[in-house]
Structures are given as structure tokens and as C-alpha cells.
Amino acid sequence: GSVDFRIEDFLASGAENKSYDYLFVPDLFEHLSGTAIECALSHIARVTCKPACLSFFNMADIPEHVIRPQVLYHWNRVSTRRVQESLMASARSIDVVPIGAFLRDNYGCTDYHNNGAYTLIVSFDAD
């Protein structure tokens with residue numbers, strides 16, 4: 001079989017429902033407005049039919065996102081809880097992986113520099 005890789009703008013994509021088997025989103029959410037974060041999460045849930053891998057550079061177990069607009073983008077602290085709540089209605093499962101703890105527990109790496117790095121593996125059921 002063939003593989004079709006695409007890079008798209010979540011806010012402008014016209015992708016069909018459940019049209020992507022897998023989705024990888026690296027370090028995007030920290031740079032979106034609060035409204036755009038929710039829009040992107042909704043889009044991910046709509047277009048993905050198998051796992052999505054969402055990487056975060058600046059995430060924390062806090063009640064709400066800390067939205068910090070800069071001149072041309074945002075530099076947010078993203079709430080693990082809010083992201084999970086946004087995805088729960090459509091996700092079959094959400095595995096939250098704090099990267100620092102993962103490296104420490106699995107590889108003995110005790111000096112990882114970014115406690116805000118997380119990856120969420122989100123599984124969806126195809127409709």
C-alpha cells in the first residue's frame with residue numbers, strides 16, 4: 001500500500017470526517033489562541049479514525065490553559081485536564097505521557113530539561 005503524508009492548517013482544512021488513519025501534531029497548541037486550541041482539538045477528533053499523537057512542549061496539570069499572546073503568536077501553558085475534557089466525548093482512550101517521567105522510568109534519564117513536555121496518544125473509533 002501507499003502512504004500519503006500531508007501538512008495542513010487545522011483552521012482551514014476541509015478534510016472529510018474520519019479521513020486520516022493517523023495524525024501527528026508536534027508542539028502546535030502552545031502557539032494558538034484559546035479558541036483555536038478548541039477548534040484544533042475538535043478537528044482532530046473529527047478527521048482521525050485511529051490514533052493521534054499530540055506532542056506538547058509546555059503542558060501542565062492545571063485547571064485551565066494559561067493563554068499568553070505575544071506579538072505574532074501565543075506562548076501558552078496548556079492544561080492537560082482541559083485537553084482531555086475536550087477530547088473525551090469522541091476518544092476511546094487517552095494516554096497521557098509526561099516525557100520527563102517516561103525517560104526517567106524507562107531509560108534512567110534523570111536530567112531531562114523540560115518538565116512541560118507531554119505526549120498524548122488519543123485513540124478514536126471510526127464511525
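The values are calculated or read from the model by the stated rules, or taken from the named source; none is laboratory data. On a predicted model such as this, the values are computed, not experimentally measured, just so you know. Glycine gets a Cβ as well: all are built from the backbone with ideal geometry, and neighbour counts include every protein chain shown. In case anyone asks, the SASA skips ligands and DNA or RNA and just uses the protein heavy atoms, side chains included. Shrake-Rupley method; radii C 1.70, N 1.55, O 1.52, S 1.80 Å.
Structure notes:
- Per residue accessible area in Å² of the chain, where ligands, DNA and RNA are left out and the probe is 1.4 Å: 61
- Computed over the chain with a Gaussian network model linking Cα atoms closer than 10 Å, the most mobile of F29, F57, F102 is F102.
- For the chain, share of DSSP beta bridges that run antiparallel, in % to the nearest 5: 65
- In the chain, the calculated helix contribution to ellipticity at 222 nm averages -7500 deg cm²/dmol per residue, counting -39,500 (n - 2.57) for every DSSP H run with n ≥ 4.
- Phi-based couplings in Hz for the stretch 60-70 (Karplus 6.51, -1.76, 1.60; Gly and Pro marked x): 8, 7, 10, x, 9, 5, 9, 8, 10, x, 10
- Fraction of accessible area attributable to carbon and sulfur, the stretch 1-109 (%, probe 1.4 Å): 55
- Global form of the chain, assessed from the alpha-carbon gyration tensor, a/c cut-off 1.5: oblate
- The charge dipole of the chain, taken about the Cα centre with unit charges on the Cβ atoms of Lys, Arg (+1) and Asp, Glu (-1), comes to about 160 debye, rounded to the nearest 20.
- Residue of C49, C109, C39 that the Gaussian network model of the chain assigns the largest fluctuation, springs spanning Cα pairs under 10 Å: C109
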